[in-house]
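Engineer: I am attaching a structure below and will ask some questions about it afterwards.
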Amino acid sequence: MVVDFQHHYVPEQLARKKGLYSDEVAVATEDGVPRMTLHAKLYDAKAQLRDMDEAGVDVSVLSCHLGWDGSLEDCRVINDSYAELERQYDGRFVGLAHAPVLEGDSALDELDRAILERGLHGVTITSQVGGLFLDSPELDPFYDRVARLDIPIFVHPALVRKGY
């Protein structure tokens, strides 16, 4: 079985909300610096499935680069979208939960909801959550909840260097 663990899917609703939806290419910036490029296939699960089939990929593990620093509302949209993709395309997509890990109890509640109610299979964070290093004590409540849920964490490299 071939598993693509570096696979991004962006819910179209979220891209539109952030003004990043495009039939061509959109570039998101942070402080005037290009942060990421988004293209139309990022919002199109059927196009992604065709690409997966062409490349011989059986399963793709989903994460969303708009969610790593996203609001609670954005993370809910991602989590609900990923749960729906799993249901709709049984076995082809595996969704990772997103939660605004520095937002306290509401973030931890969303992580619980994504895993326990929506059925997602792990959580993804960036290597610099809110500019913090991964061993920052501010992240301990998040790590405690992840341990209690007994789920894996996928740490994606930070898109824009912060503090190195």
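Engineer: So how strong a dipole does the stretch 3-156 carry about its Cα centre when Lys and Arg Cβ are +1 and Asp and Glu Cβ are -1, to the nearest 20 debye?
Structural biologist: The calculation lands at about 300 debye.
Engineer: Put +1 on the Cβ of every Lys and Arg and -1 on every Asp and Glu Cβ in the stretch 67-157; which of GLY104, GLY91, GLY131 then has its Cα farthest towards the positive end of the dipole?
Structural biologist: My answer, from the dipole projection, is GLY91.
Engineer: Remind me, relative contact order of the chain in percent, using alpha carbon pairs under 8 angstrom and six or more residues apart?
Structural biologist: Answer for the chain is 19 percent.
Engineer: So, one more: For SER106 paired with GLN88, estimate the spin-label separation in nm (one decimal), with each label point 7 Å from Cα along the Cα-to-Cβ line.
Structural biologist: My value for the distance between the label points is 2.8 nm.
Engineer: What's the exposure ranking of GLU86, GLU12, GLU117, going from fewest to most Cβ atoms within 10 Å?
Structural biologist: Placing the least packed residue first, the sequence is GLU117, GLU12, GLU86.
Engineer: Projected onto the charge dipole of the chain (+1 at Lys/Arg Cβ, -1 at Asp/Glu Cβ, origin at the Cα centre), which of MET1, ILE153, LEU120 gives the Cα projection farthest towards the positive end?
Structural biologist: MET1
Engineer: By how many nm would the segment from VAL2 to ASP51 grow when fully extended, if each residue of separation counts as 0.36 nm and the alpha-carbon distance is taken off?
Structural biologist: Extra length available between VAL2 and ASP51 comes to 16.3 nm.
Engineer: Suppose only helical runs count, i.e. DSSP H with n ≥ 4. What mean residue ellipticity at 222 nm does that imply for the chain under -39500 (n - 2.57) per run, divided by all residues and rounded to the nearest 500 deg cm²/dmol?
Structural biologist: -9500 deg cm²/dmol
A short reminder: the numbers here are calculations on the coordinates, not readings from a lab. Computed from a predicted model, the values in this text were never measured in an experiment. Don't worry about glycine lacking a Cβ; one is built from the backbone with ideal geometry, like all the others, and counts go over all protein chains shown.
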